[in-house]
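The values are calculated or read from the model by the stated rules, or taken from the named source; none is laboratory data. All figures in this text were calculated on a predicted structure; none of them were measured in a lab. With ideal geometry, Cβ positions are generated from the backbone for all residues, glycine too; neighbour counts draw on all protein chains shown.
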Amino acid sequence: MNQAQTLEVVPDPVSLIESMRAVGYTVEAAVADIVDNSLSAEARTVQVQYDAAAGSPFVAILDDGYGMAPDELTHAMRHGSSNPTDQRGATDLGRFGLGLKTASLSQCSKLTVVSSKAGILSARCWDLDVVRQTSRWLVVVPDESAIAALPLIKRLRAQASGTLVVWQDLDRLTAGAKDVQAEMTARMDPLLEHLALVFHRFAKKEGAHPSVRITVNGLSLPPRDPFLADNDFRQVLEGQPIRHERGVVDVQPFVLPPISRLTEEEIETAGGRDGLRGTQGFYIYRARRLVIWGTWFRLVPKHEAYKLTRVRVDIPNSFDELWALDIKKSAAYPPDAIRNRLKQLIPHFADKSRTAIVYPGRPGGPNAAIAPLWDRLEPKHGSFSYQVNVDHPLVASFSQSLNADQQRHMQTILEYLGSSLPYDQIYADMCGDRPRDPNDDLDRLEEIARSLLELTDLELPAVLRIDPLARFPALHGALTERIKDV
């Protein structure tokens, strides 16, 4: 049997690199890809710095990770430096062996990487002018003077180890700009918020993982926890591990408080005033790095009643192929087995969200032990109504001051109040994204607390457990301070 003839077809470097530059990175996604490498190198600080006002605009990313030896750095500059099918460490954020080169060259035509390890400093540079002139895959080894001229190089030399990535000749980042400084400033504007959200779990210690400090031009990333862990009204629902032959997918649902229970800062953290409805859904994390967020994967449509639902989904990097993770790590789609299980869970998450919107702070949430002013009645499935709770301390205290005829009259009035509630209007108002000033709440609650203390025999700690005071545990300290003289 004749053996088939084979021919080696080597790709043209100029054509291939120019094609790869058009993958579609935004500048913030490209910078995030470089930060991935820093985190994989166990960096504890990552500094991003850019300057458009300098004679030669640049973007530089410096970390204090374990760095690379000269041969390791040469290998890292190779396109396809790792096989995406190879098994990786659990905390490795890379996959294709292309991110450093593809992300960088999507924005610039000159990429220089300098790394320090074991006291040895080495540098390599992809200069597309050299590739175009030679039509060869040639990486430049910069001389000492070229290295000394790089931004942040003195900081790298002062560290025990680390890596510095520098983008120069920003032809794609500032393409077509008449005012390079203005264009670069506008293009870099989303960077701080993007990194803050994508790497928000790295900003704090999580289990055995220490915190990482990431800065942009000296500014630390703002806190951007999409699940609002510090808010007392957030609901943590029961988690669901989904087991697969490739590993375990951890699913943890949360229901955010309605916007009336959020501060301005929390509204911004949760996605902005216009973002609550648009950012509902699954938040997919790969090794704690946020990959894609605010989507139901077309399993259900986005809905006003679901807008408070956020579902954290942790996938191991062994799932990359199954989740169709792209080079930019900005898109992923669950395989059938995982998607079907997620679809089964969505109604449970969404029902809790709708309850939080329609009637926040009711039994079943963190305030289930309070003395409610309103009782929800459900005599039969699908039918419900509300009535004033006659056992509420304020109502009971007032009722006891009345004679029998007056009590019957009061009961009739309370029944009319319950039967005439404008349910449709209340639902529409609660669905509206109307932030509330915490100081307004404090003033209003102080009046209620003083009234309850005056009209009942209860002490302040007991009064604070009564609806509506019990719904605002974060304000109890301030309330106590205001009325401690009572």
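Among the numbered conditions (1) modelled with pLDDT of 75 or more; (2) surrounded by 14 or more Cβ atoms within 10 Å (Cβ to Cβ); (3) closer than 22 Å to Arg298 by Cβ, tell me where Asn340 comes up short.
The single condition Asn340 does not satisfy is (2).
Looking for something assigned to a helix (DSSP H, G or I), acidic (Asp, Glu), modelled with pLDDT of 80 or more and within 29 Å of Glu266 (Cα to Cα) - is there at least one such residue anywhere in the stretch 424-445?
yes
Among the residues of the stretch 297-318, write down those that are closer than 16 Å to Leu237 by Cβ and modelled with pLDDT of 85 or more.
Matches in the stretch 297-318: Thr309, Arg310, Val311, Arg312, Val313, Asp314.
With a cut-off of at least 3 residues that are within 14 Å of Val59 (Cα to Cα), name the helices (runs of 4 or more DSSP H) lying wholly within the stretch 136-199.
By residue number, 180-188.
For Ala90, all conditions in the list (1) aliphatic (A, V, I, L, M); (2) modelled with pLDDT of 65 or more; (3) under 28 Å from the mean Cα position of the chain (by Cα) hold save one; what is the number of the exception?
(2)
Can you tell me which residues in the stretch 1-42 are of a type in the set (D, E, K, R) and either part of a helix (DSSP H, G or I) or free of Cβ contacts under 8 Å to residues at least 60 places away in the same chain (or both)?
Glu8, Glu18, Glu28, Asp33, Asp36, Glu42
Of all residues in the stretch 214-258, which are within 16 Å of the chain's Cα centre (by Cα), surrounded by fewer than 17 Cβ atoms within 10 Å (Cβ to Cβ) and of a type in the set (D, E, K, R)?
Hit for the stretch 214-258 is Asp230, nothing else.
Out of all the residues in the stretch 389-408, which are of a type in the set (A, V, I, L, M) and over 19 Å from Arg465 (Cβ atoms)?
Residues satisfying the conditions are Leu402, Ala404.
Return yes or no: is Asp232 over 30 Å from Ala60 (Cβ atoms) and acidic (Asp, Glu)?
Taking the combined requirement at face value, the residue satisfies it.
Would you confirm whether or not the stretch 43-65 contains a residue that is in a strand (DSSP E or B), crowded, with 17+ Cβ neighbours inside 10 Å and among the charged types (D, E, K, R)?
For the stretch 43-65, residues in a strand (DSSP E or B), crowded, with 17+ Cβ neighbours inside 10 Å and among the charged types (D, E, K, R): present.
Which residues, taken from the stretch 292-310, are within 17 Å of Asp225 (Cβ to Cβ), surrounded by fewer than 21 Cβ atoms within 10 Å (Cβ to Cβ) and touching a residue at least 40 places away in the same chain (Cβ under 8 Å)?
If the condition is that a residue be within 17 Å of Asp225 (Cβ to Cβ), surrounded by fewer than 21 Cβ atoms within 10 Å (Cβ to Cβ) and touching a residue at least 40 places away in the same chain (Cβ under 8 Å), then Trp293 is the only one that fits.
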